[in-house]
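Each reported figure results from applying straightforward, stated rules to the coordinates on display, with no laboratory input. All of these numbers come straight from a predicted model, not from anything done at the bench. Every residue, glycine as well, gets a Cβ built from its backbone with ideal geometry; the counts of neighbours run over all protein chains shown.
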Amino acid sequence: MEKRLFLRGNHALAIGAIKAGCRFYFGYPITPQNDIPEFFSKQMVKVEGCFIQAESEVASINMILGASAAGARAMTSSSSPGLSLMQEGLSYLAGSELPAVVVNINRSGPGLGGISASQGDYFQATRGGGHGDYRTLVLAPSSVQEMHDLTLLAFDLADKYRNPVIILADAVLGQIQETMVDRPYQPLELPPKDWILAGASGRDPRLIKSLYLKEGEMERHNWKLFEKYQRMKREDVRHENYLEEEAELIIVSFGTAARVAKSAIRLARAEGLKVGLFRPITLFPFPEKALFDLSQRVKRFLTIEMNTGQMVEDVKLSVARDADVHFYGHAPGSPPAPEELLNALKKVY
Amino acid sequence: MKQVFKRPRSLKDVSFHFCPGCHHGTIHRLVAEAIDYYDLRERTIGVAGVGCSVFVYEYFDIDVAEAPHGRAPAVATGLKRALPDRIVFTYQGDGDLASIGMSEIVHTANRGENLTVIFVNNTVYGMTGGQMAPTTLLGQPTTTSPYGRDFLQNGYPIRMAEMIATLEGTSFCARVALNTPANLMKAKKTVRRAFEMQMNNMGFSFVELLASCPTNWGMNPLKANERVEKELIPYFPLGTFKERKGTDHQ
Amino acid sequence: MYHEIIMSGVGGQGIMVIGSLLAQAAFMENLNVTYTPIYGVEKRGGHADCTVVISSEEIGSPIVDSPQSCIIMSRPSLGKYGPRVKPGGFLLLNSSFVDPLEVRRKDLDILSVPALEIAQTLGNDRLSNMVIIGAFVEKTRVVSLDTLAAALSQIFEEHYHHLLPANAAAISKGAEYARNSFHQ
């Protein structure tokens, strides 16, 4: 029988990272994710890994760039304002085609905002975030189990595509303690890292760079990256369906909001309302095809987010033209309760 | 016939396209010679700053990573922590290191990271076309200080080597110039010493090289060399500001 | 089986400790459980709240608006959560700090426990929280009292383990009080 654990989300994530072979963590304190660096500061010593409390998020993302260029699995975690500071580094990581795992325990904003749970960084995470024409893979856990499991996956996908992967969670997922199954790490089959820097011994020198000045080079590089993002869409889209069969209304929601939506759906079902859930697990690549297929049958959708309307744009772009897409936003503060979402779905049912 | 001068092994067989009289080519050569001297080419990784320094990878025949503007010390930290038995150096200009990258350089030095920083101070932003740098001298005209740098408006030029030397984490810190054969010979030894410190796990080593930028100074190379002597060295004195003795860091 | 509990009081009363303890006990009984410390704005002004959801099925929302049960350790907590308990739900009051007469609702099962006074008989004011959780588990049986006591060693760091017997005794006292009292 698999071992059960009772863990806090942030710890489940950190345990997953160590299990996936991450030995380099660089980070800067910011609430509500401090238990992640605190965990690594204690544990990295025990696995002969490296923990540095960097002088800023700008430094931590660039330390990752260095460790990743050396072939190591490296990660950082932060919360929204910290992610803003990391966007430069993320752009360079994407441009230089370096793997990295970056965790955003999304707090509310803009500006200093607040420390409460939010999904306000959906655009920042899924649209690249920094300068230039690039994307990062974005994984959205919805339970402590997924905080762990998707971290294992994140390191594999980062290596598979040589691209940064963002885990987009929030204070609720980070702070709740929950039962989970301690799954072993079964790595994907990954290409050899034949690009890492280690000194030009017995081979030609290698470069890790994102500067392309020669005629036509930049254009080729951009299309090469584009092709990679297309491949992500073909091979690594994930979502969960819940009670979607014979549903007349589908709620589209991710992360914490999706969990609350599940409870709201149970309440609705108890009242005889045929409501189901479509939960994107990868926010980029967005499960547009699965959602389109669903919209051939179901014509009413309600997107629920802990923001004032971001993912709803992707939902509208995905569904068939004759499907209605409604939106219910719970702006940051305290997270929504199931009863609140039940009322919201009744209005459009 | 004995060959007395040749291209260092660690440089590629390509010609520099730096401006005439620019000291970057000379500094590239000094660094490559130090790498060759200790036979480090096959285990050295360079980190290029942004500015004229970014072309390090066009000329060095070694592994190179490009860092975002100012972040080379952070990138080098990641590389060196992951590969502690390799030699890692950054190559940065004054805008990169002393302006946008001030935080990274100070904290990398302060952590005593066992890596080497080559800091090229020519008192001006070269690649972007001659704007004011944090090391631009008082009275020096640039495209963004057209009336000359005024301390009321822009503050004073920063003496990086002296500042870095105050940090406990720093093991070796020196300033050299390249304007005369004698200074050049001292610079060569100093750069070599910096790499030696790293090889001996002595911790953070930092060399500031006063360099000329004839193009952006609006001078010919000879005049530019004279300016190094008459204006730069008086404000940025040469010397070794810190050198930790012993066989190991701390 | 599905049970939601909100526990609320003032910082320092050990709310988070008994929340974790109950959740740990549920975990040890192979149930699904979420424990959520209430975070953010509500943490200010000395408030300390947490939510525990225990279920034999997959748990949806870890956030609860109207719980089946509520543990109230301070007056402001009563004002905030009293009205939210589900009709027919269970309200446990720490009557050392909250006057049961202030409860206006007639549709709840209410138990008042003078936790501070009971803790004082054990010689330690700070055991009030354990008295309360002992009484809660006795009345609701969401987990067994034995598991609750066994969970103590899991949530306290080892250097506090000399305090386990006193905490276990407080749980027993609370349970005993609940057994012997009649509901209002």
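If you wrap the tightest convex hull around every Cα atom of region C:57-173 and split its volume per residue, you get 125 Å³. Dividing the radius of gyration of the alpha carbons in region A:190-237 by their Kirkwood radius gives 1.07 for Rg/Rh. Projecting the Cα atoms of C:17, C:76, C:160 onto the dipole axis of region C:2-180, where Lys and Arg carry +1 and Asp and Glu carry -1 at the beta carbon, places C:76 farthest toward the positive end. Mean sequence separation of contacting Cα pairs (under 8 Å, at least six apart), scaled by the length of region C:1-106, corresponds to a relative contact order of 31 percent.
With a simple spin-label model that places each label point 7 Å from the Cα along the Cα-to-Cβ direction, the separation between residue B:144 and residue C:164 comes to 6.4 nm.
What net charge is computed for the residues neighbouring residue A:233, neighbours being all others with C-beta under 11 Å from the C-beta of residue A:233, Lys and Arg scored +1, Asp and Glu -1? Net charge around residue A:233: +1. The distance separating the Cα centre of region C:160-180 from that of region B:151-171 comes to 63 Å.
Put simply, the amide H of residue A:252, placed in the peptide plane, has neighbours under 5 Å in A:278, A:302, A:303, A:304, leaving out anything fewer than 5 places away on its chain.
Note on region B:106-186: Cα-Cα pairs beyond 18 Å make up 55% of the total pair count.
Between the alpha-carbon centres of region B:38-110 and region C:44-71 there is a gap of 51 Å.
Summarising the label geometry, the points placed 7 Å from Cα in the beta-carbon direction at residue B:85 and residue B:235 lie 4.6 nm from one another.
The per residue volume of the convex hull around the alpha-carbon atoms of region B:24-243 is 106 Å³. By the helix-only formula, in which each DSSP H run with n ≥ 4 contributes -39500 (n - 2.57) and the sum is divided by residues, chain A has a 222 nm mean residue ellipticity of -12000 deg cm²/dmol. Among A:305, A:57, A:215, which one moves the most in a GNM of chain A with springs linking Cα atoms closer than 10 Å? The residue that fluctuates most here is A:215. A simple count of charges around residue A:113, restricted to other residues whose Cβ falls under 15 Å of its Cβ and scoring Lys, Arg +1 and Asp, Glu -1, yields -1.
Going by how many other Cβ atoms sit within 10 Å of their own, how do B:217, A:223, A:195 line up, fewest first? The partial results should precede the final answer.
On the way: B:217 22, A:223 11, A:195 15.
Going from least to most buried by this count: A:223, A:195, B:217.
Grab the beta carbon distance between residue C:75 and residue A:4, set R0 = 45 Å, and tell me the FRET efficiency rounded to 0.05. In this case the efficiency is close to 0.70. Pair-distance distribution of chain A: all C-alpha pairs, bin width 20 Å, starting at 0; shares per bin in whole percent are 31, 57, 12, 0. Per residue of C:46-53, other chain Cβ atoms within 10 Å of the residue Cβ number 1 on average. Considering only beta bridges that DSSP places wholly inside region A:240-348, some 20 percent are antiparallel.
Suppose every K and R has +1 on its Cβ and every D and E has -1 on its Cβ; what is the size of the dipole of region B:24-243 about the Cα centre, in Debye to the nearest 20? Magnitude of the dipole: close to 300 debye. Counted over all Cα-Cα pairs of region A:72-176, pairs farther apart than 19 Å make up 37 percent. Largest mean-square fluctuation among A:106, A:163, A:307, in a Gaussian network model of chain A whose springs join Cα atoms under 10 Å apart, belongs to A:307.
Beta bridges assigned by DSSP with both partners in region C:2-180 are antiparallel in approximately 55 percent of cases.
With a 10 Å Cβ neighbour count serving as the proxy for reagent exposure, in which order, fewest first, do A:112, C:93 appear?
A:112, C:93
Taking amide hydrogens as placed 1.01 Å from N in the peptide plane, the amide H of residue C:11 sits under 5 Å from those of C:47, C:48, each at least 5 positions away in sequence or on another chain. Placing pseudo-labels 7 Å out from each Cα toward the beta carbon at residue A:47 and residue C:106 gives an inter-label distance of 6.1 nm.
Just round it to a whole percent: the fraction of Cα-Cα distances in region C:79-137 exceeding 13 Å. If you can, show how the numbers build up before the last one.
Numbers: 1037 of 1711 pairs.
Beyond 13 Å sits 61 percent of the P(r) for region C:79-137.
D by Stokes-Einstein for the protein assembly as shown, Kirkwood Rh over Cα pairs, 10 °C, 1.306 mPa s: 54 µm²/s. The amide H of residue A:167, built 1.01 Å from its N in the peptide plane, has A:102, A:103, A:104, A:139 as neighbours under 5 Å, considering only residues 5 or more places off or on other chains. Near residue A:99: Cβ cut-off under 11 Å, other residues only, Lys/Arg at +1 and Asp/Glu at -1. The net charge is +1.
Placing unit charges on the Cβ atoms of the charged side chains and taking the dipole of the protein assembly as shown about its Cα centre, the candidate lying farthest along the positive direction among A:310, C:63, B:24 is B:24. Shown here for region B:80-187: GluC sites (Glu not before Pro) in loop regions (DSSP other than H, G, I, E, B) with at most 14 other Cβ atoms within 10 Å, namely B:168. Mind scanning C:106/C:139; A:3/A:46; A:42/A:233; A:193/A:233; B:80/B:188; A:46/B:242 and naming the pairs with a C-alpha gap bigger than 29 Å? Flagged as over cut-off: A:42/A:233; A:46/B:242.
Extent along the principal axes, Cα only, for region A:240-348: 31, 30, 21 Å, with the longest axis given first.
What FRET efficiency do you get for residue A:313 and residue B:243 if R0 is 56 Å and r is their Cβ-Cβ distance, rounded to the nearest 0.05? Show your work: numbers first, answer last.
Values: r = 60 Å, r/R0 = 1.06.
Computed FRET efficiency for residue A:313 and residue B:243: 0.40.
GNM on chain A, alpha-carbon springs under 10 angstrom: the most fluctuating residue among A:89, A:333, A:255 is A:333. For region A:1-69 versus region A:188-219, the inter-centroid distance based on Cα atoms is 27 Å. Counting Cβ atoms of other protein chains within 10 Å of each residue's Cβ and taking the mean over peptide A:170-178 gives 6.
Once the convex hull of all Cα atoms in region B:173-250 is built, its volume per residue stands at 91 Å³. Taking every DSSP beta bridge with both residues inside chain B, roughly what % is antiparallel (nearest 5)? The antiparallel fraction comes to roughly 20 percent. For the residue pairs A:214/B:186; A:346/C:86; B:2/B:223; A:19/A:224, the C-alpha atoms sit more than 28 angstrom apart in A:214/B:186; B:2/B:223; A:19/A:224.
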